[in-house]
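Enquirer: Let me begin by handing over the structure; questions about it come next.
Any read-out appearing in this document is the output of simple, stated calculations on the displayed coordinates, not a laboratory observation. From a predicted model like this one, the values you see are computed outputs, not experimental measurements. Here the Cβ positions follow ideal geometry from the backbone for every residue, glycine too, while neighbour counts run over all protein chains shown.
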């Protein structure tokens, strides 16, 4: 067939390729309109002196906004806050998630119910989770956690005032542990039973089996969960806005920008913060996306 | 061996219950009077009281839930319309630069919202679309589109090539091939992608608090307004939080398997 009509076949192929490309267009155009163009506009804003409180001062100022971003002394602490909160929450959720995944990867009564209960914190609306923790757990007067602390004979702890960073990390860890657990559990359950049986026949103990068979198999799943968790958590805003309002070393980049733009009403400077945030994220994201891309294209998927 | 296994099971349950406790406590407090909710030591037994629910409904929670519903369902539908053809195009070979396009989509998801929110805010303000639930729905569609495309693509990739080729030999056009042959096979995957983007939109707080003020206010900003509450309000807060969380909890419990796959954007089978 190919030798008979190579030309027309090529034509058909070409037409198909065009058609496939055309059904991709609506999504592509929508994404460009809603994300790329606004980003370019943000760059333009960042070169303007534009404070909504002083409409008469409007004008082009070049890099002035960037200079004030780097000299105001707010940027560095917020980078530290973002990195600290994200990495602590990711590490703790990963460890707890792995523990729960291992515990749930056994046959026991009510296993499905246990899993269902365990994923619930991740499903709770983050704003609701922050509020519930703030008032029903951490509160010095009516919080259950402080009731336990005082019952044990200690003084009540002023969580969100004295330990704001710990508070935020605790709530985030509580919400994200199920996320890690779900992905890791899926990984554990995809292990080949024969290999595990062979290992136990060969007399490998539980720890050695875990170290030499389970962990290498789990690498992809751990990578996926860490990458996705990191990228989601880098943008964290809700618990900070609700529990600490950025006090005590919890002012992350997204909260700082929110404060500048929507409380300070300084559009130009906030835009500069936005651009800086993007550049910093690109640093993390290119590494993450590259790795992830590999993991996603030839890892657990196809 | 039996004993060890029993102890592990016991440990599992203790940890699971401790982990679940705040959720349980939220539901319990929702049905307490304000005095019972604020009682120390905590009250596990009490006469049910629906004042919390009545109060939040009086404060307009009904319309905030309705707004959340419109924005989440609306954005989910828009995403489905855009993502199904896109994901299909990216799952079959002839498209050149498939990888670049995939990379582009995924990078838009990880662009900090901070980078695009100011212009969107200004544009919406100048055309009178601030505090407009449709506008919020469009923004949600834009942020969650990449996840849907990635996830659907992984389902499309699983459709056996032979089936698609057979349809092509029968002379089916691209549209027919997609709607008649491929779509029925990947319907569960599409439903899962829809569920995930619905959940993300329903729970979203940052954009909702910036882009809406009163008419289009959704549930998360309403909940957050409790932060400035005075007096006893834990009962009412728990009632509101329970109502807000219930739809997603129910959906997530029902579709656990799809949830895993959706959250891992299709990378986990």
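Enquirer: Once you've got the GNM for chain A with C-alpha springs shorter than 10 Å, pick whichever of A:244, A:71, A:252 has the biggest mean-square fluctuation.
Expert: Greatest mean-square fluctuation among the candidates belongs to A:71.
Enquirer: Given a Förster distance of 45 angstrom, what is the FRET efficiency for residue A:15 paired with residue A:193, based on the Cβ-Cβ distance and rounded to 0.05? Walk me through the intermediate numbers first.
Expert: Working: r = 48 Å, r/R0 = 1.07.
Efficiency for this residue pair is about 0.40.
Enquirer: Can you give me the angle between helix B:133-156 and the longest principal axis of chain B, using Cα atoms only, in degrees from 0 to 90, rounded to the nearest 10?
Expert: On a 0 to 90 degree scale, this one is about 60.
Enquirer: Can you tell me the orientation of helix B:98-110 relative to chain B, as the angle in degrees between its alpha-carbon axis and the longest Cα principal axis, to the nearest 10?
Expert: Helix B:98-110 sits roughly 20 degrees off the main axis of chain B.
Enquirer: A follow-up question, please. Is the C-alpha gyration tensor of the stretch B:4-105 telling us rounded, prolate or oblate? Criteria: a/c under 1.5 is rounded; beyond that, a/b larger than b/c is prolate, otherwise oblate.
Expert: Details: a/c = 5.05, a/b = 1.63, b/c = 3.09.
Oblate, since a/c reaches 1.5 and b/c is not below a/b.
Enquirer: Right, next: Between the helical axis of B:61-91 and the dominant principal axis of chain B, each derived from Cα atoms, what acute angle in degrees is found, rounded to the nearest 10?
Expert: That works out to roughly 20 degrees.
Enquirer: Which whole number gives the average, over all residues in A:9-20, of C-beta atoms from other chains lying within 10 Å of the residue C-beta?
Expert: On the way: counts 0, 0, 0, 1, 1, 1, 2, 8, 6, 3, 5, 12.
If you average over the peptide's residues, the count of other-chain Cβ atoms is 3.
Enquirer: Any idea what Rg and Dmax come out to for the protein assembly as shown if you just take the C-alpha atoms, in Å?
Expert: 25.3, 90
Enquirer: If each residue's Cβ is checked for other Cβ atoms within 10 Å, how do A:170, B:152 rank with the fewest at the top? Display every interim value, and only then the final one.
Expert: Values: A:170 21, B:152 29.
With the sparsest Cβ surroundings first, the list reads A:170, B:152.
Enquirer: If packing is taken as the average count of other Cβ atoms within 10 Å, what order do B:61-69, A:61-69 fall into, highest mean first? Provide the component values of the computation, followed by the final result.
Expert: Working: B:61-69: 18.9, A:61-69: 16.4.
The peptides rank, most packed first, as B:61-69, A:61-69.
Enquirer: Mind ranking A:198-210, A:263-275 by how tightly packed they are, going by the mean number of other C-beta atoms within 10 angstrom, highest first? Please list the in-between numbers first.
Expert: Details: A:198-210: 11.7, A:263-275: 23.2.
Put in order of decreasing packing, that is A:263-275, A:198-210.
Enquirer: Next question, about the same structure. Cut-off is 10 Å between beta-carbons; in what order do A:214, A:82 appear when sorted fewest neighbours first?
Expert: Working: A:214 18, A:82 25.
Lowest to highest Cβ neighbour count: A:214, A:82.
Enquirer: Okay, next question. For each of A:16, A:260, count neighbouring Cβ atoms within 10 Å of the residue's Cβ, then give the residues from fewest to most. Don't skip to the end; give the middle numbers.
Expert: Working: A:16 18, A:260 22.
The fewest-first ordering by Cβ neighbours comes to A:16, A:260.
Enquirer: Residues of the stretch A:133-156 with amide nitrogen under 11 Å from the 7 Å Cα-to-Cβ point of residue A:162?
Expert: Under 11 Å, as judged by backbone N against the label point of residue A:162, lie A:154-156 of the stretch A:133-156.
Enquirer: Label-point separation (nm) for residue B:161 and residue A:279, each offset 7 Å from Cα along Cα-to-Cβ?
Expert: 4.6 nm
Enquirer: Could you tell me the extents of the stretch A:6-60's C-alpha atoms along the three principal axes, largest first, rounded to whole Å?
Expert: Extents along the principal axes: 68, 17, 11 Å.
Enquirer: Let me have the relative contact order for chain A, percent, based on Cα pairs under 8 Å that are six or more residues apart.
Expert: Working: 312 pairs, mean separation 83.9, N = 302.
Relative contact order for chain A comes out at 28 percent.
Enquirer: Points 7 angstrom from Cα along the Cβ direction at residue B:2 and residue B:191: gap in nanometres?
Expert: 4.3 nm
Enquirer: Right, another one. Give, as ranges by residue number, the residues of the stretch B:106-141 whose backbone N falls under 12 Å from the point 7 Å along Cα→Cβ of residue B:215.
Expert: From the stretch B:106-141, the list is B:128-135.
Enquirer: Separation of the stretch A:108-145 and the stretch B:208-269 by C-alpha centroid, Å?
Expert: So the separation of the two Cα centres works out to 13 Å.
Enquirer: Hey, another quick one. Calculate, for residue A:29 and residue B:131, the FRET efficiency according to 1/(1 + (r/R0)^6) with r their C-beta to C-beta distance and R0 30 Å; round to the nearest 0.05. Walk me through the numbers before you get to the answer.
Expert: Working: r = 26 Å, r/R0 = 0.88.
FRET efficiency, residue A:29 to residue B:131: 0.70.
Enquirer: With runs of 4+ DSSP H residues as the only contributors, calculate the mean residue ellipticity of chain B at 222 nm using -39,500 (n - 2.57) per run, divided by the residue total and rounded to the nearest 500.
Expert: On the way: 13 runs with 193 residues, N = 269.
Taken over chain B, the calculation gives -23500 deg cm²/dmol.
Enquirer: Evaluate the Debye formula for chain B with equal point scatterers sitting on the alpha carbons, no solvent, and hand back log10 of I(q)/I(0) at q = 0.09 Å⁻¹, in q order, two decimals.
Expert: -0.57
Enquirer: Relative contact order of chain B, please, whole-number percent, based on alpha carbon pairs below 8 angstrom and at least 6 residues apart. The partial results should precede the final answer.
Expert: Values: 278 pairs, mean separation 87.5, N = 269.
Reported relative contact order: 33 percent.
Enquirer: What's the average, rounded to a whole number, of partner chain beta-carbon atoms within 10 Å of each residue's beta-carbon in B:200-210? It would help to have the intermediate numbers written out before the result.
Expert: Numbers: counts 1, 0, 2, 8, 4, 10, 10, 1, 1, 6, 3.
The per-residue average across the peptide is 4.
Enquirer: So what's the gap between the Cα centers of the stretch A:79-106 and the stretch A:210-236, to the nearest angstrom?
Expert: Between the Cα centres of the stretch A:79-106 and the stretch A:210-236 lies a distance of 10 Å.
Enquirer: Whole angstrom only: what separates the Cα centroid of the stretch A:5-73 from the Cα centroid of the stretch A:245-273?
Expert: With the stretch A:5-73 and the stretch A:245-273 each reduced to a Cα centre, they are spaced 23 Å.
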